[in-house]
1. Report D for region 43-200 in µm² per second (integer): Stokes-Einstein, Kirkwood Rh on Cα pairs, 10 °C, 1.306 mPa s.
2. Please figure out what share of the DSSP beta bridges in the chain is antiparallel and state it in percent, rounded to the nearest 5.
3. For the chain, modelled as a Gaussian network with Cα springs under 10 Å, which listed residue fluctuates most, 29, 292, 278?
4. So what is the relative contact order of region 1-55, in percent, for Cα pairs below 8 Å that sit 6 or more residues apart?
5. In the chain, with Lys and Arg counted as +1 and Asp and Glu as -1 at Cβ, which of these residues, 113, 71, 151, has the Cα nearest the positive end of the dipole, that is, farthest along it?
6. Between region 160-185 and region 1-43, what is the separation of their alpha carbon centroids in Å?
7. What relative contact order, as a whole-number percentage, does region 9-116 give when Cα pairs under 8 Å and 6 or more residues apart are counted?
8. How far apart, in nm, are the 7 Å Cα→Cβ label points at residue 311 and residue 105?
Amino acid sequence: MEVSNNYITMKGHIDGKPKEDDFGIKASQLSLSVEPGSNHIIVKNLYVSIDPFQINRMKSFSSLQESAKFAPDLTPDKVIDAYGVGKVVASGNTDFEKDDLVVGLLIWGEYSVLKGEYWLSKLDPMGFPLSYHVGILGMSGLTAYSGFFEVCKPKKGEKVFVSAASGSVGNLVGQYAKLFGCHVVGCAGSKEKVAFLKEKLGFDDAFNYKEVTDLKATLKSSGVIAEYTDAGKRAAPNMLDVVYKSITIQGFLLGDYFHIFQDFVTTTSDHLRAGNMQAIECISTGLNSIPQAFIGLFRGDNIGKTIVKIADE
């Protein structure tokens with residue numbers, strides 16, 4: 001059987017805020033069969049992750065391209081890979097069979113053709129919606145979990161401030177912190193998001209950073225994502241303050257914490273089943289919605305994890 005496989009591409013490198021006309025849709029004819037023993041897999045994409053860090057792969061240059069082997073630079077007019085969930089439609093790899101649900105590195109497209117080495121594993125939904133495995137039980141969740149517990153190493157009763165607290169990672173950091181016994185304060189970019197943090201997620205306090213006039217500009221930018229599309233912004237405090245207030249600053253790459261993935265999934269799924277955590281998702285439908293979903297990340301359109309549903313199972 002042969003199908004037309006539609007997929008999203010970028011027309012050229014993107015060095016500022018992304019726009020609708022930065023992206024296009026291409027199509028290629030695809031045979032839904034593979035040679036036995038070839039190790040090739042064809043996956044029907046069901047849900048794909050929309051993440052702000054992708055903009056740094058789309059630039060003509062960024063330090064991410066040198067530092068993160070799992071996220072190399074993207075090439076114009078080629079497929080854009082992204083974390084996602086799908087269903088195997090053909091496999092030459094004996095570890096995967098037709099109709100297996102899988103999770104891993106797919107593409108912003110209708111089908112993913114995986115050859116050579118690929119990052120893919122069978123998925124047990126564990127009774128949760130498939131979208132959860134793209135967000136709260138996927139890379140956004142692991143980022144929040146590892147950043148909070150492994151990097152911050154909190155103590156019960158401590159005060160935790162979460163920037164961009166209504167975003168895909170921030171809302172989860174706040175939820176983990178509350179469950180751990182911390183006093184949680186978040187900031188977000190609208191009154192509606194502030195109300196959501198306090199009323200729906202139980203933050204101890206939250207404020208709209210756009211309405212606060214006495215914060216430093218670095219805090220007003222609400223985190224590092226503001227720097228992704230504006231090289232003039234630097235999301236960092238005055239270094240003298242760092243010294244005199246004994247502040248610790250530490251960056252981390254998610255790839256350094258894949259070894260705790262199972263602990264993270266077990267802990268988080270237990271919280272979900274007990275009703276102690278919520279999966280906050282912003283899901284749009286259809287391949288054509290991917291560019292706007294991505295652009296919306298940099299306008300602050302989303303609350304929670306941005307995901308695009310490509311197809312039904």
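1. It diffuses with D of about 90 µm²/s by this estimate.
2. Among the beta bridges of the chain, antiparallel pairing accounts for roughly 70 percent.
3. Result for the chain, Cα springs under 10 Å: 29 fluctuates most.
4. Relative contact order comes out at 37 percent.
5. 151
6. 36
7. Normalised by residue count, the contact order of region 9-116 is 35 percent.
8. 2.2
The values are calculated or read from the model by the stated rules, or taken from the named source; none is laboratory data. Keep in mind it's a predicted model, so treat the numbers as computed, not measured. Neighbour counts are summed over all protein chains in view; Cβ atoms, including those assigned to glycine, are modelled from backbone coordinates with ideal geometry. These accessible areas exclude ligands, DNA and RNA; they are computed on the full protein's heavy atoms, side chains included. Shrake-Rupley method; radii C 1.70, N 1.55, O 1.52, S 1.80 Å.
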